[in-house]
Amino acid sequence: MAETFDIAIVGAGLAGLVAATEAADLGRRVLVLEQEGRQSLGGQAFWSLGGLFLVDTPEQRRLGIRDSHELASSDWVATAGFDRPEDHWPRRWAEAYVAFAAGEKRSWLTAMGLKLFPVVGWAERGNGDGTQGNSVPRFHITWGTGPGVLEPFLRRVAVHEATGRIVLRFRHRVDALVRMEGAITGVSGTMLAETSVGRGQSSSREVVGDFAITAGAVIVAAGGIGGDQGLVRQNWPSRLGSPPAQMLTGVPAHVDGRMLAIGESAGARLINRDRMWHYVEGITNYAPIWPGHGIRILPGPSSLWLDGTGARLPDRLYPGADTLGQLTHLRRTGHDHSWFVLDQQIIRKEFALSGSEQNPDLTGRDWRLVLRRAIGNKAPGPVEAFKAKGADFIVTDDLAALAAGMERLTPDAPVGEAALRQALAARDDSLASGTDAQSVAIARARGYLTERLIRVAKPHALLGQRNGPLIAVKLHILTRKTLGGLETDLGARVLGADGVPIAGLYAAGEAAGFGGGGMHGYRALEGTFLGGCLFSGRIAGRAAAGAV
């Protein structure tokens, strides 16, 4: 006989935990089902840098950053590029989310004990012309990174778990949504063998039993498709050219998109499945946790960027700006890789690595380590470790040796010393003139004190070797986020093919395209993925609790 709960939530990532705690706070008895072990509680949020999109905050104002709800809304709409009839609900979710980010998001989180790093970063930099990207810095890093984002919700889960209000069931894989008389009334699935693998590692799929659950409402919060390169290629849009033959993977293998297909088979409408967010600054992790594990470089704007043929990217596609534009351009070159060329002064200031494990100072809340970022000639420890151990890094004082090292990594696409020298000289000349988009971006960034002090190097020539060794970094495309998903209304109710909500079914997080089935449109402003999980999870939990 099936057990009965008020609400069943599929997925124990951030969106699922937020939904569970919000519903439990309202007195509902909640079951959370997760196919991985307890060690994976919190999902992808654990691995994140903890960046949050916030608007017009005290942190911004202290740094002289002028932001507003109106400016953020304009940036979002220009960047998203909504252009489809099915963008009705995604657009509505985008409007609601920006209002949340400019309103109670910060106070809601800080009231639970979340603290923000005082330096505001500038991810997905805009060009200053209102066409796309963030016009001003908005990337607020959580003090404690991803684990710091999870902490308030894990505390709340623990309190409710102790009283029985929240029940966590690990190694429970949902295989079907149960639908009766047009309504979702529960879930069924298989129990997987217990596992002792570490967080993020691939676990066994050995089946040891089955289960059935009856619930007044079901919330799907099981993530996207980024861990399955086959699904990424299957949904790759033709507007981006052919899918890469070789990619790195930015999320664990269990981020497999199963619940999207299961939801669709139960009658849910899946929209914008061709909208995805993959990075072009991926590097191979020398200590991988999951298959094909890649790390993203969060670059400042100063490096020379060459495609696989050795040609410089258009100046408007400088590092740190227009991720989708960069991906589109690079997919038309006939190569799956590209190159950053830089020196020690640039890598020291401008290379940050995404992820909690790559930022022990911020994750460990260690001010002593944080202050080391601003002094000395070395980059942060994890960056220096990749310089020494990473398969994609070439470090040398000699330009000929640099070109030779690049050819060793990509023998089928040699750049050559003469071409490399020519590209470096052209880059140096354009920076000296100060008129191209990259030069303007560097100057704009250095207009902010924090960017000037710790994030953007003083403009200088790369030829001449006066700023440490030359460095070349082979870059790979890195899978990450699903921007489309199950279509939901503003109450997080999943819609059917007829546009009518399916009774009893809700979705949150990446499974819902972070809200509505794709609130980011084609492009994301960054810091919006964790925030999307927080916002949609909160709405789904409260809405489901109010309906049962």
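At-a-glance table
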{"item": "Members of the stretch 83-99 found to be within 17 Å of Leu486 (Cα to Cα) and not in a helix (DSSP H, G or I), listed by number", "result": "Arg84"}
{"item": "Those residues of the stretch 51-80 which are buried (at least 16 other Cβ atoms within 10 Å of the Cβ) and not in a helix (DSSP H, G or I), in sequence order", "result": "Gly51, Leu52, Phe53, Leu54, Val55, Asp56, Thr57, Leu63, Ile65, Asp67"}
{"item": "Qualifying residue in the stretch 502-515 (condition: in a loop (DSSP other than H, G, I, E, B), surrounded by fewer than 22 Cβ atoms within 10 Å (Cβ to Cβ) and not small (Gly, Ala, Ser))", "result": "no"}
{"item": "Answer from Leu313, Leu317, Leu231 - the residue that is within 21 Å of Asp392 (Cα to Cα), aliphatic (A, V, I, L, M), free of Cβ contacts under 8 Å to residues at least 60 places away in the same chain and surrounded by fewer than 23 Cβ atoms within 10 Å (Cβ to Cβ)", "result": "Leu313"}
{"item": "Hits in the stretch 308-322 - residues which are outside any strand (DSSP E or B), over 28 Å from Gly521 (Cβ atoms) and in contact with a helix residue (DSSP H, G or I) (Cβ under 8 Å, 6 or more places away or on another chain)", "result": "Gly308, Gly310, Ala311"}
{"item": "Residue count, the stretch 243-282 (criterion: among the charged types (D, E, K, R), surrounded by 19 or more Cβ atoms within 10 Å (Cβ to Cβ) and touching a Phe, Trp or Tyr at 6+ places or on another chain (Cβ under 8 Å))", "result": "2"}
{"item": "Qualifying residues in the stretch 71-124 (those that are over 18 Å from the mean Cα position of the chain (by Cα) and among the β-branched types (Val, Ile, Thr)) - the one nearest to Gly146 (Cα to Cα)", "result": "Thr110"}
{"item": "Of all residues in the stretch 433-476 being part of a helix (DSSP H, G or I) and among the polar types (S, T, N, Q), the one that is surrounded by the most Cβ atoms within 10 Å (Cβ to Cβ)", "result": "Gln438"}
{"item": "Of all residues making up the stretch 18-44, the number that are buried (at least 23 other Cβ atoms within 10 Å of the Cβ), under 21 Å from the mean Cα position of the chain (by Cα) and part of a loop (DSSP other than H, G, I, E, B)", "result": "1"}
{"item": "Candidates Gln358, Gln345 - the one that is assigned by TED's automatic domain parsing to the domain that holds Phe386, touching a residue at least 60 places away in the same chain (Cβ under 8 Å), out of contact with any strand residue (DSSP E or B) (no Cβ under 8 Å at 6 or more places or on another chain) and on the phi < 0 side of the Ramachandran plot", "result": "Gln345"}
{"item": "Matching residues, the stretch 327-368, being polar (S, T, N, Q), under 24 Å from the mean Cα position of the chain (by Cα) and under 21 Å from Met406 (Cα atoms)", "result": "Ser338"}
{"item": "Failed item, numbered, when Arg171 is tested on (1) within 27 Å of the chain's Cα centre (by Cα); (2) surrounded by fewer than 17 Cβ atoms within 10 Å (Cβ to Cβ)", "result": "(2)"}
{"item": "Conditions (1) in a helix (DSSP H, G or I); (2) loosely packed, with under 13 Cβ neighbours inside 10 Å: number failed by Leu424", "result": "(2)"}
{"item": "Scan of the stretch 465-501 for residues that are without any contact (Cβ under 8 Å) to a residue 60 or more places away in the chain and of a type outside the set (A, V, I, L, M, F, W, C), ordered by number", "result": "Arg466, Gly491, Arg493, Asp498, Pro501"}
{"item": "Residue in the stretch 395-407 that is surrounded by 19 or more Cβ atoms within 10 Å (Cβ to Cβ), closer than 25 Å to Pro360 by Cα and touching a Phe, Trp or Tyr at 6+ places or on another chain (Cβ under 7 Å) present", "result": "no"}
{"item": "Subset of the stretch 131-141 (residues that are out of contact with any Phe, Trp or Tyr (no Cβ under 7 Å at 6 or more places or on another chain) and not in a loop (DSSP other than H, G, I, E, B))", "result": "His140"}
{"item": "Complete set of residues in the stretch 100-129 that are crowded, with 19+ Cβ neighbours inside 10 Å, at negative phi and outside any helix (DSSP H, G or I)", "result": "Ala102, Leu114, Leu116, Phe117, Val119, Val120, Gly121, Trp122, Ala123, Arg125, Gly126"}
{"item": "Residues being in a loop (DSSP other than H, G, I, E, B) and either at pLDDT below 95 or closer than 14 Å to Ile539 by Cα (or both) - total across the stretch 478-496", "result": "4"}
{"item": "Residues satisfying the stated conditions in the stretch 493-548, i.e. over 23 Å from Arg480 (Cβ atoms) and either of a type in the set (Ser, Thr, Tyr) or touching a Phe, Trp or Tyr at 6+ places or on another chain (Cβ under 7 Å) (or both)", "result": "Arg493, Val494, Tyr506, Ala543, Ala544"}
{"item": "Any chance Asp56 is under 19 Å from the mean Cα position of the chain (by Cα) and among the charged types (D, E, K, R)", "result": "no"}
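Residues checked against (1) assigned by TED's automatic domain parsing to the domain that holds Leu402; (2) within 27 Å of Ser135 (Cβ to Cβ):
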residue: Ala443; (1), (2): yes, yes
residue: Tyr448; (1), (2): yes, yes
residue: Val456; (1), (2): yes, yes
residue: Pro459; (1), (2): yes, yes
residue: Ile471; (1), (2): yes, no
residue: Asp489; (1), (2): no, no
residue: Ala492; (1), (2): no, no
residue: Leu495; (1), (2): no, no
residue: Gly504; (1), (2): no, no
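The values are calculated or read from the model by the stated rules, or taken from the named source; none is laboratory data. Because the structure is predicted, anything quoted here is derived from the model rather than measured. For neighbour counting, all protein chains shown are included, and Cβ atoms are generated from backbone atoms with ideal geometry for every residue, glycine included.
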